[in-house]
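Student: Before we start, here is the structure in question, set down as structure tokens.
The values are calculated or read from the model by the stated rules, or taken from the named source; none is laboratory data. Here the structure is a predicted model, which means the values were calculated and not measured. When we count neighbours, we look across all protein chains shown, and the Cβ atoms used for this are built from the backbone with ideal geometry, even at glycine. The area values use the complete protein model at the heavy-atom level, side chains included, leaving out ligands, DNA and RNA. Shrake-Rupley method; radii C 1.70, N 1.55, O 1.52, S 1.80 Å.
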Amino acid sequence: MTRIRPAATIAFILLACGLAWLAALPMWLDRGLTNPLSTVLIPVMMFTPALAVVVVMLTMRPVPKGERLRFLGMWPLRPAKRVVWMMVLGLFGPVLLVALSVVVAALCGWVTLDLVHFSGFAEQLEASLPAGVPAPPVMAVILSQLLMIPFAAATINAALAFGEELGWRGFLVPALRQYGTWPALVISGLIWGLWHAPVILLGYNFGRTDMTGVLLMTAGCLAWGVLLGWLRLRSASLWPAVFAHGAMNAAGALITLLFAAGTTFDMALAGPLGVAGWIACAIVVVVLVLAGQFRRQPELDGAVGRMLSAPRQ
């Protein structure tokens, strides 16, 4: 098993977080999320974990050169059947999980749904159009939005998610795996959440500009990180987690299509990274634990002594 020195793990974490603050600095200096460059700076920030991996690999050499792609879960994709099916699960599973979070939010009274007329979305759609321009049929727009989710998840969203996943699930999870499955999943999820602080403190996701927003994001990333980490360990491949992250981002605004006009909802409670999302993730995690899925962590291609041959927890 390739054991990563603590110094390399700490260096990666500090570098990824430091680069994230550097990427967000222009927004802090001028107009926050309304900075015209924010649509560029946020995607750039998403690639800072990948850049941190490259720097640590080249300077500290925690993994032998010929083993790096295998350690990071990028290659080889064997056995292909398992990896492909886990990629499919990663692509569609998060969409169902986000839908479950909407159901949880509705049952808890955190959102009022209109699944007949979709009046909240219809109201927003009309308000977004120039005066005199008729709104297209709401159902047609919603269906097109839903059909676009897996396409966006597998393309642009997956490309952006790769920048994060190469760091969190590609490097950090296997680096921490030597301390046990659950420590690896929990610690990596917490760090993933705290890494978002530069934009969360500007009001991103929850509209909160204090530590409350950071704590909410950290809890959300912990909940989702356990499942993304499970995909990584269960498949011994990075790619299912990449597609799952892309799908999570693509489906994240699902609730905005379904709420009733004249009502409001708080993403801290009803959103997929909020309390409803935590509950939905917890339900799935419990099912996976009861099914023994966290104990099934195969080698990438059956080779003894690779990353996942650490004692199972």
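Student: Explain nothing, just the number: dipole magnitude of segment 1-127 about its Cα centre with +1 on each Lys and Arg Cβ and -1 on each Asp and Glu Cβ, in debye rounded to the nearest 20. Before the final figure, lay out each step's value.
Tutor: Details: 10 positive and 5 negative charges, 245 e Å.
That gives segment 1-127 a dipole magnitude of about 1180 debye.
Student: What relative contact order, as a whole-number percentage, does segment 88-198 give when Cα pairs under 8 Å and 6 or more residues apart are counted? Kindly include the intermediate steps, with their values, before the conclusion.
Tutor: Working: 32 pairs, mean separation 17.8, N = 111.
Relative contact order comes out at 16 percent.
Student: Next question. How many percent of all Cα-Cα pairs in segment 80-204 sit more than 17 Å apart?
Tutor: Details: 5825 of 7750 pairs.
It works out to 75 percent of all Cα pairs.
Student: Same structure, new question: Roughly to the nearest percent, how much of the accessible area of the chain is carbon and sulfur, given a 1.4 Å probe? Present the calculation step by step, with values, prior to reporting the outcome.
Tutor: On the way: 10130 of 14050 Å².
That fraction is 72 percent.
Student: Of the candidates Met86, Met74, Met60, which one comes out as most mobile in a Gaussian network treatment of the chain with C-alpha springs shorter than 10 Å?
Tutor: Per the Cα network of the chain with a 10 Å cutoff, Met60 tops the list.
Student: What distance in nm lies between label points placed 7 Å from Cα along the C-beta direction at Thr155 and His117?
Tutor: About 3.5 nm, to one decimal.
Student: Hey, another quick one. Full-extension gain between Glu126 and Trp28, please, as 0.36 nm times their residue separation minus the C-alpha to C-alpha distance.
Tutor: Details: separation 98, 0.36 × 98 = 35.28 nm, distance 3.31 nm.
Gain in length upon complete extension: 32.0 nm.
Student: Further question: Count neighbours as other Cβ atoms within 10 Å of each site's Cβ, and list the chymotrypsin sites (Phe, Trp or Tyr not before Pro) in segment 1-85 that are DSSP loop with at most 10 such neighbours. Kindly include the intermediate steps, with their values, before the conclusion.
Tutor: Numbers: sites: Phe12, Trp21, Trp28, Phe47, Phe71, Trp85; in loops: Phe47.
Passing sites in segment 1-85 do not exist.
Student: Which FRET efficiency, nearest 0.05, do Leu96 and Tyr179 yield, Cβ-Cβ r, R0 35 Å?
Tutor: Numbers: r = 31 Å, r/R0 = 0.89.
For R0 = 35 Å, the calculated efficiency reads 0.65.
Student: How many angstrom lie between the C-alpha centres of segment 247-282 and segment 207-222?
Tutor: Measuring centre to centre over Cα atoms gives 15 Å.
Student: Related question: Just need the relative contact order of the chain here, percent rounded to a whole number, with Cα pairs under 8 Å and 6+ apart.
Tutor: Details: 495 pairs, mean separation 92.2, N = 313.
For the chain, the relative contact order is 29 percent.
Student: Give me the net charge for the shell around Ala261: Cβ to Cβ below 14 angstrom, other residues only, Lys and Arg +1, Asp and Glu -1. Don't jump to the answer; show the numbers that get you there.
Tutor: Numbers: positive: none; negative: Asp114, Glu123, Glu126.
Its environment carries a net charge of -3.
Student: Report the residue, chosen from Gly170, Gly262, Gly207, that carries the largest GNM mean-square fluctuation when the chain is represented by alpha-carbon nodes joined by springs under 10 Å.
Tutor: Of Gly170, Gly262, Gly207, the Gaussian network model singles out Gly262 as fluctuating most.
Student: Follow-up. Which trypsin sites (Lys or Arg not before Pro) from segment 1-102 combine a DSSP loop assignment with at most 15 other Cβ atoms within 10 Å?
Tutor: On the way: sites: Arg3, Arg31, Lys65, Arg68, Arg70, Lys81, Arg82; in loops: Arg3, Arg31.
Listed in order of number, the matching sites are Arg3, Arg31.
Student: Further, regarding this structure: How far, in nm, would the chain grow between Thr59 and Trp75 when pulled straight, counting 0.36 nm per residue and subtracting the alpha carbon separation? If you can, show how the numbers build up before the last one.
Tutor: Details: separation 16, 0.36 × 16 = 5.76 nm, distance 2.17 nm.
The span from Thr59 to Trp75 would gain 3.6 nm if fully extended.
Student: What spacing in nm lies between the two simple spin-label points modelled at Ala135 and Ala261, each 7 Å away from Cα in the Cβ direction?
Tutor: 0.6
Student: Right, another one. Based on the mean of other Cβ atoms within 10 Å per residue, sort peptides 129-137, 280-288 so the most packed one is first.
Tutor: Values: 129-137: 8.3, 280-288: 16.0.
Order by mean packing, descending: 280-288, 129-137.
Student: Let me ask you something else. For Ala253 and Trp85, calculate 0.36 nm times their separation in residues minus their Cα-Cα distance, and state this gained length in nm to one decimal.
Tutor: On the way: separation 168, 0.36 × 168 = 60.48 nm, distance 2.57 nm.
Working it through step by step, the gained length comes to 57.9 nm.
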